[in-house]
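The values are calculated or read from the model by the stated rules, or taken from the named source; none is laboratory data. What you see is a predicted model, and the numbers here were worked out from it, not measured in a lab. Methodologically, a virtual Cβ is constructed for each residue, glycine included, from the backbone with ideal geometry; neighbour enumeration extends over all protein chains shown. Heads up: the accessible areas ignore ligands, DNA and RNA and are worked out on the full protein's heavy atoms, side chains in. Shrake-Rupley method; radii C 1.70, N 1.55, O 1.52, S 1.80 Å.
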Amino acid sequence: TDAALREDAGAAAIPEKVAQRMGKRMIPFVGIPLFGTFASFIGFWYMAVYRDQEFQPALVATTSFVFLAVGLLGITYSVLSASWDDDREGSGLGFDEFQTNVGNLKDGLARTKENALLREKMAGLSEDE
């Protein structure tokens, strides 16, 4: 809440252990698709230059785009599948943590919407009310 953040600005920060856990998860979930992007582009180049094969530019672009999109999803999954509890390591692939963290996000967004509506109502009230 706002009062907690006023007292301790670090309350909104991600704990170091949790940030490291998220970073470790990014290595496979982002690194492999990123490597796939470079490998596919180099593969298309090699086949075109040394094997005299022609590829439609749309095929090369689509293949690169798909790998990059999977990497972007990997970043999201890496953050959401890590245990946000400082003392709990979590599972290998993080399926349970993912469900828990998505639920926490939904709850937080609902509270944010409720707080915004409440602040709007309060702003419309006079000092006497």
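Applying the criterion of being outside any helix (DSSP H, G or I), within 20 Å of I27 (Cα to Cα) and not small (G, A, S) to the residues of region 89-129, the residue that is most open to solvent (accessible area, probe 1.4 Å) is E89. Residue pairs whose Cβ atoms lie under 7 Å apart, sitting 6 or more positions apart in sequence or on different chains, and linking a residue in region 94-106 that is among the charged types (D, E, K, R) to a partner that is part of a helix (DSSP H, G or I), are E97/S81. Beta carbons closer than 7 Å, at least 6 apart along the sequence or on distinct chains, pair a first residue in region 20-34 that is under 18 Å from D87 (Cβ atoms) with a second that is among the polar types (S, T, N, Q) for R21/S83; M22/S78; R25/S78; R25/S81.
Screening the candidates F35, F65, F44 for the property of being assigned to a helix (DSSP H, G or I), open to solvent by less than 80 Å² (accessible area, probe 1.4 Å) and not acidic (D, E) yields one hit, F44. Screening R119 on (1) basic (K, R); (2) modelled with pLDDT under 90; (3) closer than 25 Å to T76 by Cβ shows it passes everything except condition (3). Exactly one residue among L68, L72 is touching a Ser or Thr at 6+ places or on another chain (Cβ under 6 Å) and at pLDDT 95 or above, and that residue is L68.
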